[in-house]
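Novice: What follows is a single structure, and I will ask about it in a moment.
Each reported figure results from applying straightforward, stated rules to the coordinates on display, with no laboratory input. This structure is a prediction, so every number in the text was calculated from the model and none was measured. Here the Cβ positions follow ideal geometry from the backbone for every residue, glycine too, while neighbour counts run over all protein chains shown.
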Amino acid sequence: MPETDPRAATGAAVPIAVVGATGAVGRTLIDLLVQRGFPVGECVPVASARSAGQRIDVPGGTATVHDLDRYDFSGVRLAFFSAGTGTSERHARRAAAQGALVIDNTNAFRMAADVPLVVPQVNPDVLDRRPDSGIIANPNCSTIPLVRLLAPLRRRYGLRRVTVSTYQAASGRGNRGMAELRAQAAAATDDPTRTGPVEAFGVPLAYNVIPLIDTLLADGFTLEEQKMRQESRKILRDPTLDVTATCVRVPVLNGHSETVVVDCDAPVDAGELAALLAGEPEVRVWADRPPTPRTLDDADLVHVGRIRVDPEHPNRVAFWLVADNLRIGAALNAVQIAEVLVARGVR
Ligand SMILES: NC(=O)c1ccc[n+]([C@@H]2O[C@H](COP(=O)([O-])OP(=O)(O)OC[C@H]3O[C@@H](n4cnc5c(N)ncnc54)[C@H](OP(=O)(O)O)[C@@H]3O)[C@@H](O)[C@H]2O)c1
């Protein structure tokens, strides 16, 4: 068995809590724990008072959702947090102090010095021990697939500059975002002037694209774009890595796409790069046609296509990627972090 297979570890099944268990990421995470055979002991679903008392499916059966404000994490070994940045800010350090090792899916601690920011395929070495904070952060949904491809590119060709544009799905705003896109699409089907509900994205998303995700910052970039630069630098341990991002919401239900243009230190051979990326763990390179969010056959892979070298700039390569944001960009990355921790006996 590979070292990251938690079934290789000895010891009892792991008691866990899933905070945000009723949300899009939380539900996906619970599915993945079952699908991947993670050694779950008791699994406690946790959400807000709105959902407390509901029974939901968890590994091994069903369980009652607990109210986070009243939940004590003593006895929990791993706590997955996917319930919004403010919720993590209020409760994650408390959960860690009560003994849980927190894997946080939000933006609350990603850039904190005492919190490792981890993509298991890129920087698993930082998972050797429990961090002093008791918190490990999962990167942003667009950053994860990007750095998984930049890491091998850097090893082979060196990175000089990265320019990325994203095409981000409605599910990036969770259950609410998907419901709103569905309602808008239904409303506009019969009458294109009807928008349906407009709450999650500020303007209608159906039959539209929105070049503004998260807060607009003073420098004209958005917080989402800033996250891609800062998080890539932290994960790849390159504080001056040159990353310029434009993040765009598109009317896709699930699955983020990105166009990536990389200026390298050395000339790139497109065929060689395709073979290099195809040899990376859990990456599929599409040769004949590009991957699209609706035609992915395996949601647990990063899909790459349209790899091409600029004929006027041999050091410049462009490619297209698609990755399931709820899985690769959130829940799967978190579960894979947990798998490494359990396999290494970190608690
Ligand atoms: N969607 C993505 O692609 C993605 C990717 C990476 C990271 N993330 C991050 O993951 C988090 C969850 O995203 P999502 O897409 O799953 O959102 P979602 O579908 O809206 O789900 C939100 C979850 O958080 C819970 N929650 C909200 N406020 C709470 C509170 N005050 N106390 C306790 N629980 C609370 C909700 O419980 P109730 O049922 O009680 O409301 C629900 O379970 C966000 O921080 C998001 O930024 C999402």
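Novice: Which one of TRP320, VAL14, ALA299 is farthest out on the positive end of the charge dipole of the chain, using unit charges on Cβ (Lys, Arg +1; Asp, Glu -1) and the Cα centre as origin?
Specialist: Highest projection toward the positive end goes to VAL14.
Novice: Which of the three applies to the chain, rounded, prolate or oblate, going by the alpha-carbon gyration tensor with a ≥ b ≥ c and a/c under 1.5 meaning rounded?
Specialist: oblate
Novice: Restricting to bridges with both residues inside the chain, how much of the DSSP beta-bridge set is antiparallel, in percent to the nearest 5? Provide the component values of the computation, followed by the final result.
Specialist: On the way: 27 of 56 bridges.
Of those bridges, close to 50 percent are antiparallel.
Novice: What is the distance in Å between the Cα centroid of the range 61-113 and that of the range 115-179?
Specialist: Using only Cα atoms, the two centres lie 20 Å from each other.
Novice: Percent relative contact order of the chain, based on C-alpha pairs within less than 8 angstrom and at least six residues apart?
Specialist: Taking the mean separation of contacting Cα pairs over the length of the chain, I get 19 percent.
Novice: Classify the range 132-182 as rounded, prolate or oblate, taking a ≥ b ≥ c as the square roots of the eigenvalues of its Cα gyration tensor: rounded when a/c is under 1.5, otherwise prolate if a/b is larger than b/c and oblate if not.
Specialist: Oblate.
Novice: Sort the range 227-296 into rounded, prolate or oblate with this rule: let a ≥ b ≥ c be the square roots of the eigenvalues of the Cα gyration tensor; rounded if a/c is under 1.5, and if a/c is not under 1.5, prolate when a/b is larger than b/c, oblate otherwise. Please report the intermediate quantities before stating the final value.
Specialist: Numbers: a/c = 1.92, a/b = 1.10, b/c = 1.75.
Cα axes put the range 227-296 in the oblate bin.
Novice: By how many nm would the segment from ASP31 to ASP297 grow when fully extended, if each residue of separation counts as 0.36 nm and the alpha-carbon distance is taken off?
Specialist: 94.0 nm
Novice: Another one. Just to be sure I understand: with springs between alpha-carbon atoms less than 10 Å apart, which residue in VAL198, VAL122, VAL304 has the highest mean-square fluctuation in the Gaussian network model of the chain?
Specialist: Of the options given, VAL198 has the highest mean-square fluctuation.
Novice: Placing unit charges on C-beta atoms (Lys and Arg positive, Asp and Glu negative, everything else neutral), compute the dipole magnitude of the chain about its Cα centre in debye, rounded to 20.
Specialist: Value, rounded to 20: 420 debye.
Novice: Now, a different point. Residues with beta-carbon under 14 Å from that of PRO267, excluding PRO267: net charge, scoring Lys, Arg +1 and Asp, Glu -1?
Specialist: -2
Novice: Sticking with this one: For the chain, with the dipole built from +1 on Lys and Arg beta-carbon atoms and -1 on Asp and Glu ones, taken about the Cα centre, which of LEU68, PRO251, GLY86 lies farthest toward the positive end?
Specialist: Final value for the positive-end residue is LEU68.
Novice: If packing is taken as the mean number of other Cβ atoms within 10 Å per residue, what is the order of 161-171, 230-240, 216-226, highest first?
Specialist: 161-171, 230-240, 216-226
Novice: May I pose another question? If each residue of separation counts as 0.36 nm, what is the full-extension length gain between SER165 and ASP72 once their alpha-carbon separation is subtracted?
Specialist: 29.3 nm is the gain from fully extending SER165 to ASP72.
Novice: Another one. According to a simple spin-label model (label point 7 Å from Cα along Cα-to-Cβ), what is the distance in nm between GLU42 and LEU253?
Specialist: 3.7
Novice: Before rounding to the nearest 500, sum -39500 (n - 2.57) across all DSSP H runs of length at least 4 in the chain and divide by the residue total; then give [θ] at 222 nm in deg cm²/dmol. Working shown, then result.
Specialist: On the way: 7 runs with 92 residues, N = 347.
Result for the chain: -8500 deg cm²/dmol, rounded to the nearest 500.
Novice: Only four residue types carry charge here, +1 at the Cβ of Lys and Arg and -1 at the Cβ of Asp and Glu. Report the dipole size of the range 211-347 about the Cα centre in Debye, rounded to the nearest 20.
Specialist: In debye, rounded to 20, the range 211-347 gives about 420.
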